[in-house]
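Some notes on the structure that comes next.
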Amino acid sequence: MADRAPALLFDLDGTLVDSVYQHVLAWHEVLGEAGMELSVWRIHRRIGMSGGLFVNALLRETGKQLSPEEASALRARHAEAFVRRMSEVRPLPGARDLLSRLTQQKVPWAIATSGSVRTAGPSIAMLGVEPKVVITREDVAHAKPDPDLFLAAAERLGVDIVHSIVVGDSVWDLLAAQRAPALGIGLLSGGYGREELQQAGAYRVYEDPRDLLQHLDEIGVRDTPS
């Protein structure tokens, strides 16, 4: 029954929209301009963390020091560089159909992203389904791998976090899910491997939103009887 289904709390980038590599290239651009040359694969491994933790992690790798003001300016430049690439971003296969199905079956769902309103808003608009709840980095004290984003999303939906399922594409999503605590589902559409996601706590791993849609019964979401 739909009223017994778990609530689904979705990450955004790499989970519902195909935007991970645009974020990677945006970071690569602004880090290079700041004198921090890093391979794109190193940047990719950090995508999904909060912007602050992301910058701190990269600073450790480069040995460069930035003031809080400089780090904030770097994150702002990344947002600008990503927005310039927005025309390249598309919904992932099955994302619109998945959210439409959940809405039709009255299954609670929300979007919880480490991104800002500026970067997340245009991506969410592409999905063609109006979410009742969107939580962005501005709404919480700490982003992933802290659980705050998903806790806030569950609270806004009026559901218990332990009866929710976090859907994400990165190890940071799944670590946050474990800390919430909530069950976690991993999607391969953000570039992490199946074993990595499983080791981070995913109890199921699917290819992309379309694959998840085809297996909703496996996570307790079943068609409403006629």
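Since every read-out is calculated from the coordinates, none of them should be taken as a lab result. Since we're looking at a predicted model, the values are computed, not measured. Reconstructed Cβ throughout: ideal geometry from the backbone, glycine too, with neighbour counts over all protein chains shown.
Here the residues V205, V171, ranked from fewest to most Cβ neighbours within 10 Å of their Cβ, fall in the order V205, V171. Working ranking of peptides 15-27, 58-70 by packing, defined as the average number of other Cβ atoms within 10 Å per residue, highest first, is 15-27, 58-70.
Taking Cα atoms, how many degrees apart are the long axis of helix 68-84 and the longest axis of the chain, rounded to 10 and kept between 0 and 90? Result, in degrees: 60.
Working ranking of peptides 37-43, 87-93, 162-168 by packing, defined as the average number of other Cβ atoms within 10 Å per residue, highest first, is 162-168, 87-93, 37-43. Principal-axis analysis of the Cα atoms of the chain puts helix 95-104 at an angle of about 40° to the longest axis. Computed from backbone phi with θ = phi - 60° and the Karplus coefficients 6.51, -1.76 and 1.60, the 3J(HN,Hα) list for the stretch 134-144 is 10, 10, 10, 4, 5, 8, 9, 6, 9, 9, 4 Hz; x is used for glycine and proline.
Note on K106: lysines with a C-alpha under 30 Å away, same-chain residues under 8 apart excluded, are K132, K144. Legend: P(r) of the chain from all alpha carbon pair distances, 10 Å bins from 0, whole percents, reading 8, 36, 37, 15, 4, 1, 0. Return the tail of the calculated pair distribution for the stretch 20-87, meaning the percent of Cα-Cα pairs more than 20 Å apart. Tail fraction, whole percent: 15.
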